[in-house]
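Where a number appears in this text, it was derived from the coordinates with a stated rule and is not lab data. The structure displayed is predicted, hence computed values, not measured ones. Positions of Cβ are backbone-derived with ideal geometry, glycine not excepted, and every protein chain shown enters the neighbour counts.
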Amino acid sequence: MTSSSLPSEHRLTGTVSAGVASLSGDFSVWTLARAKQLIGDARQIDLAGLTRFDTAAALLLLSLQDQGVTLQGLAPTHERLLEAVRKSVPTPDPAKPVLRGLRALLDNTGRRVVRALRFLTELAEYLGRFLAALARSIRHPSEFPLIPLVHHCQETGLRAVPIVALMSFLIGVVLAFQGAVQLHEFGAEVFVVDLISISIIRELGVLLTAIIVAGRTASALTASIGSMKMREEIDAMRTLGIDPDMRLVLPRILALLITLPILTVIANAAGLLGGAIMSWVELGISPSMFRYRMIAETDVDNVIAGLSKAPVFALIIGVIGCHAGMKVGKDAESLGAQTSTAVVNAIFLVIIADALFSIFFAEVGI
Amino acid sequence: MSENVVEVRGLVTRFGSHTVHDGLDLDLKRGEILGVVGGSGTGKSVLLRTIVGLLKPAAGQVRVLGQDIETLSPPAREALERRWGVMFQDGALFSALNVRENVEAPLRAVPDLGPEQRRALAELKVSMAGLPWNANDKMPSDLSGGMRKRAGLARALALDPEILFLDEPTAGLDPIGADAFDRLIVELRDALDLSVFLVTHDLDTLHACCDRIAVLAERKVLATGTMADMLKIDHPWVHEYFHGPRARAALTTGRSKESPDGNQG
Ligand SMILES: Nc1ncnc2c1ncn2[C@@H]1O[C@H](COP(=O)(O)OP(=O)(O)OP(=O)(O)O)[C@@H](O)[C@H]1O
Ligand SMILES: [Mg+2]
């Protein structure tokens, strides 16, 4: 009940005379505020008329006793409760000193930096574990988890084709349209072909694919590994001599490594198709013209630059997803939290890696 | 004192065509600890859930503290529900809240209770349930099974109930932990004047704390009585239960029924 009217059975009455407060009725958690009011600053409390007395009331009386108030007329059962409460009043652990101002700032910053560094070293550890598992499966091909690999290729690759293709197609359309509007000002409509082909092949195809895959697959990886972690299946695997890195991590990351470049190629094709159709409709650039200009103007370096990012992005997504899954604790709460941080981290790191690639390619001149 | 705080009469519960209870009668007297035993799937948990109003009986009557929960208006029902506490099998703690907040949750129903008082009360209940101070800030997922049960008990005790329902409080605890829990239940009963409805499989618990035992079998309460009464019954299942090797072991080691005045902190 949220209204402040008490249920009628919780009734406490009292009188104060000559410094003695006499209470009768229900002295419980429900009437605590009223009891305080009635007692006021009486130095003596008479409790002979109580019909109900609970731990909340006992706690209040104990604190009053500490202030020197004396009690009288307490029934034996109530006395017993009072003693039981006295025995179990918790003693707080000594509080940790709280830092303030500059020191708190430094303390916080330090912790965050350490946490971020630890996160990165853990990612490196998972990358290492993946590579070790890969090396081991090359040395012992019979241990290679082929069936899980195929399964995960289907999940992360095949199932993602429609969304990746559609999105990339639409991006091609948008680019053609926006490019046409801008380039029309200079009468240079035909350069829209360069715009579309270079931006899609070099940047957008692979980046958008990676972002979609990060959203789809990083969360799926975390959820699947995390729920196994939650039910102690991973510990069970270890005790049975099954290496979770081989069974869980290797096929998942390898599937990403295989499918992300393929998805990128599909995305590139769909994007170019969208761009070509839009250029034809909007600018009258015929498909053969589009093809001619694209081949003439777009260096194969662009394709290499674009596709070479795909495996790196795949590793980032896979390692982050698996790492977050292994970090899940025993409750559903942490599963949800890890899943969303995995997606955010994967997308964030993919974009950072893309920026680093741009700088790198600019420096080496590709 | 033999006032009945729970009276079950002619209870019938069904799930589809599966009848769990058929004409079940049971009483819980004020101030006693009643142990309810029975094989797996005989409907002990279902009985508990029916008494506290989580399941609707197909027929029969359940009266708790003299009131029939089915016929009460919602506010009266809420008021009645505050007069009992339930500890579910695995604690059933709210996973998004820490232990203190879990215990504070029922206290939030009390108007005019300031946050500091609520906190102090919650911490008192946590300590009464035998948890150390530092458990207050822990999340349920960071607790062991036994600690979760204690936290569930603390929450059940939050509003100083008159009746405490416990579903297998000692299942999955180590013998020492189970022993401590048995003692805790008796102590709390004495201190807080509780009536306890205790579902259990643990013969030691039956020995250590139950005043009376009710045996559930064949869809009804087959027998009620003290441990000594149970040993005389020659229904095959009851005989097997109370004379099996485990029962004998529990009898001979005989954790005393009189709880030593524990200094449980
Ligand atoms: N929600 C439900 N729907 C259908 N059947 C149920 C439901 N809850 C319980 N039952 C059935 O009721 C019967 C009694 O279940 P209950 O959980 O009360 O057993 P129990 O005596 O507590 O057993 P245990 O000792 O294993 O906990 C079982 O046969 C169970 O299948
Ligand atoms: Mg059960």
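Explain nothing, just compute: Karplus ³J(HN,Hα) = 6.51 cos²θ - 1.76 cosθ + 1.60, θ = phi - 60°, for every residue of region A:136-152 in order, whole Hz, x for Gly and Pro.
Computed from phi, the couplings for region A:136-152 are 5, 6, 6, 5, 10, x, 5, 7, 5, x, 5, 5, x, 4, 4, 4, 6 Hz.
Step through the residues of region A:78-83 one at a time and calculate ³J(HN,Hα) from phi using the Karplus curve (6.51 cos²θ - 1.76 cosθ + 1.60, θ = phi - 60°), rounding each to whole Hz and writing x for Gly and Pro.
Values, residue by residue: 5, 4, 4, 4, 4, 5 Hz.
Please get the size of the charge dipole for region A:121-364, origin at its Cα centre, with Cβ charges of +1 on Lys and Arg and -1 on Asp and Glu, quoted in debye to the nearest 20.
680 debye
Could you work out how far the C-alpha centroid of region A:304-366 sits from that of region A:159-224, in angstrom?
Going from one Cα centre to the other spans 19 Å.
What is the set of long-range amide H partners of residue B:32 at a cut-off below 5 Å, with H atoms built 1.01 Å from backbone N?
B:196
For the pairs A:87/B:138; A:327/B:138; A:87/B:232, note any where the Cα-Cα span goes beyond 29 Å.
A:87/B:232
If amide H atoms are built 1.01 Å from N in the plane of the peptide, which residues on other chains or at least 5 residues away come under 5 Å of the amide H of residue B:213?
B:35, B:225, B:226
When the label point is put 7 Å from the Cα of residue A:289 along its Cα-to-beta-carbon vector, which residues of region A:170-184 have a backbone N closer than 19 Å?
Residues A:173-184 fall inside that zone.
Please check which bits of region A:312-340 a label hung off residue B:142 would reach, taking the label as a point 7 Å along Cα-to-C-beta and the cut-off as backbone N under 16 Å.
Those under the cut-off are A:328-335.
Check residue A:329: other-chain or 5+ apart residues with amide H under 5 Å from its amide H, H built from backbone geometry?
Hits under the 5 Å cutoff: A:334, A:335.
Can you say what percent of the DSSP beta bridges in chain A, counting only those with both residues inside, are antiparallel? Round to 5.
The antiparallel proportion sits near 40 percent.
Under a plain spin-label model, where a point goes 7 Å from the Cα along Cα-to-Cβ, how far apart in nm are residue A:109 and residue A:358?
With each label placed 7 Å out from Cα toward Cβ, I get 2.8 nm.
Out of region B:1-80, which GluC sites (Glu not before Pro) are coil in DSSP terms and have no more than 16 other C-beta atoms within 10 Å?
Sparse-neighbourhood loop GluC sites (Glu not before Pro): B:3.
Roughly speaking, what is the centre-to-centre gap between region B:79-125 and region A:75-97 when only Cα atoms are used, to the nearest Å?
Centre-to-centre distance over Cα atoms comes out at 18 Å.
Mind running the shape call on chain B? Use the C-alpha gyration tensor, a ≥ b ≥ c as the square roots of the eigenvalues: rounded below 1.5 for a/c, prolate if a/b tops b/c, oblate otherwise.
Here chain B falls in the oblate category.
Rounded if a/c is under 1.5, else prolate if a/b is larger than b/c, else oblate: which is region A:118-179, with a ≥ b ≥ c the root eigenvalues of its Cα gyration tensor?
oblate
Sum up the charges of everything whose Cβ sits under 13 Å from the Cβ of residue A:117, counting Lys and Arg as +1 and Asp and Glu as -1, but leave residue A:117 out.
+2
Excluding same-chain residues fewer than 8 positions from residue B:56, which aspartates and glutamates have a Cα within less than 17 Å of its Cα?
Within the straight-line cut-off, residue B:56 pairs with B:7, B:22, B:25, B:68, B:70, B:78, B:81.
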